[in-house]
1. Please state which of the following conditions CYS50 fails to meet, knowing it meets all the rest: (1) part of a strand (DSSP E or B); (2) touching a helix residue (DSSP H, G or I) at 6+ places or on another chain (Cβ under 7 Å); (3) modelled with pLDDT of 85 or more.
2. Going through the range 54-71 one residue at a time, which ones are surrounded by fewer than 22 Cβ atoms within 10 Å (Cβ to Cβ) and not in a strand (DSSP E or B)?
3. Given the options ASP170, ASP136, ASP175, name the one that is within 17 Å of the chain's Cα centre (by Cα), at pLDDT below 95 and among the charged types (D, E, K, R).
4. Working only within the range 278-293, note down all residues that are in a loop (DSSP other than H, G, I, E, B) and either over 18 Å from the mean Cα position of the chain (by Cα) or assigned by TED's automatic domain parsing to the domain that holds GLU74 (or both).
5. What is the residue count in the range 223-243 for residues that are among the hydroxyl-bearing types (Ser, Thr, Tyr) and either away from the ligand (no atom under 15 Å from the Cβ) or not assigned by TED's automatic domain parsing to the domain that holds ALA148 (or both)?
6. Can you name the number of the only condition in (1) buried (at least 21 other Cβ atoms within 10 Å of the Cβ); (2) more than 19 Å from the chain's Cα centre (by Cα) that TYR229 fails?
7. Could you list, in sequence order, all residues of the range 72-84 that are more than 21 Å from TYR201 (Cβ to Cβ), in a loop (DSSP other than H, G, I, E, B) and small (Gly, Ala, Ser)?
8. Is it true that PRO208 is assigned by TED's automatic domain parsing to the domain that holds SER245, touching a Lys or Arg at 6+ places or on another chain (Cβ under 9 Å) and surrounded by fewer than 21 Cβ atoms within 10 Å (Cβ to Cβ)?
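The values are calculated or read from the model by the stated rules, or taken from the named source; none is laboratory data. Everything numeric in this text was worked out from a predicted model, so none of it was measured. FYI the Cβ positions are ideal-geometry reconstructions off the backbone, even for glycines, and counts take in every protein chain you see.
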Amino acid sequence: MSVRIKFLSKLFRGIYLFSMLCALCSAFCICAANAECDIRGVEKDAPVLCGVAAQGGFLYGELDENWNVYGGDEKISMNGIFVMGLDRDMPEFLQMRFCKSSGRALFGKDSCEVFTYKIKQRTYGEQKITVAKEFDELSPKDQKRADAESAMVQKARARAINLDATGFLDMELPDNLKPQRISGVFGTGRIVNGNPRRPHYGVDIASPRGTKVGAVADGIVIVASDMFYSGNTVIVSHGHGITTSYLHMDGMNVKAGDVVTRGDKVGVVGSTGRSTGPHLHLGAHWRNVAIDPQLVISFGEKI
Ligand SMILES: [Zn+2]
């Protein structure tokens with residue numbers, strides 16, 4: 001059995017064509033600016049996927065109807081297009097199961113084939129930061145608030161499936177943020193006031209207070225809220241479980257439910273919430289898996 005897979009390919013901004021054969025893909029495809037369709041499996045006949053095969057990256061492609069793909073035990077294909085985020089600590093070998101549906105609901109048996117993809121392993125640094133005591137040792141009231149906000153965000157991300165949207169294929173940092181200094185990278189272990197805390201799941205872009213923050217791709221705003229840790233926070237859904245988040249802003253220009261196009265102002269750079277100075281914390285997720293903005297969003301140059 002060979003898996004038939006077709007690929008999202010992009011000829012130029014805004015126009016997507018669908019090439020039919022994976023065997024031709026690497027020769028024909030021009031993918032999203034930040035990704036390539038040249039990810040080959042360990043097995044020779046494994047489908048060639050698009051994306052970035054590294055911890056913090058993502059894989060995607062499009063399957064013919066009646067095919068499904070599973071990453072681990074989870075079905076990750078929806079209406080043909082599938083995306084899988086690769087978390088910070090993803091092991092070196094990822095197995096994906098491609099199944100052809102028999103078309104019979106009760107007694108039919110899907111035929112499946114498993115292929116293995118090698119995921120580049122990365123090393124992450126460690127950073128010591130000092131924050132005001134009330135942001136490290138939370139009062140019961142603040143703890144309750146932070147927990148409720150975290151649950152709300154997780155729920156919003158889990159719901160952000162949005163099958164019709166493909167903004168995630170074309171994510172790019174707005175021009176006015178490109179020359180700014182990167183002051184924090186994805187994955188860094190964090191020692192906060194001397195205690196180990198969860199790693200840094202985003203990229204910090206040091207920019208003057210008031211700098212315009214534009215959405216990195218077309219999408220729908222799913223969260224626009226003032227939160228304990230992240231201050232004024234906007235989260236935009238770009239389709240198929242991919243979201244981007246904009247944290248610590250001084251102001252917000254959108255509300256949940258708003259439709260945005262790439263570059264639309266969602267807020268301005270600030271230092272609200274637990275922040276050590278004006279900067280934009282830009283995050284990216286697949287469902288609730290944090291992925292690396294510098295790998296999945298085009299920053300205008302290879303970093
Ligand atoms: Zn940050």
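1. (2)
2. Result: ASP64, GLU65, ASN66.
3. Working: ASP136 fails: within 17 Å of the chain's Cα centre (by Cα); ASP175 fails: within 17 Å of the chain's Cα centre (by Cα).
That would be ASP170, the only listed residue that is within 17 Å of the chain's Cα centre (by Cα), at pLDDT below 95 and among the charged types (D, E, K, R).
4. Filtering the range 278-293 for residues in a loop (DSSP other than H, G, I, E, B) gives 278, 287-288, 292.
Scanning the range 278-293 gives a single hit, PRO278.
5. Step one: list which residues in the range 223-243 are among the hydroxyl-bearing types (Ser, Thr, Tyr), which gives 225, 229-230, 233, 237, 243.
Narrowing further to those that are either away from the ligand (no atom under 15 Å from the Cβ) or not assigned by TED's automatic domain parsing to the domain that holds ALA148 (or both): 225, 237, 243.
Within the range 223-243, residues that are among the hydroxyl-bearing types (Ser, Thr, Tyr) and either away from the ligand (no atom under 15 Å from the Cβ) or not assigned by TED's automatic domain parsing to the domain that holds ALA148 (or both) number 3.
6. (1)
7. Initial filter on the range 72-84 (more than 21 Å from TYR201 (Cβ to Cβ)): 73, 75, 77-82.
With in a loop (DSSP other than H, G, I, E, B) added as a condition, the list becomes 73, 79-80.
Of everything in the range 72-84, just one residue is more than 21 Å from TYR201 (Cβ to Cβ), in a loop (DSSP other than H, G, I, E, B) and small (Gly, Ala, Ser), namely GLY80.
8. Numbers: assigned by TED's automatic domain parsing to the domain that holds SER245: yes; touching a Lys or Arg at 6+ places or on another chain (Cβ under 9 Å): no; surrounded by fewer than 21 Cβ atoms within 10 Å (Cβ to Cβ): yes.
In short, no.
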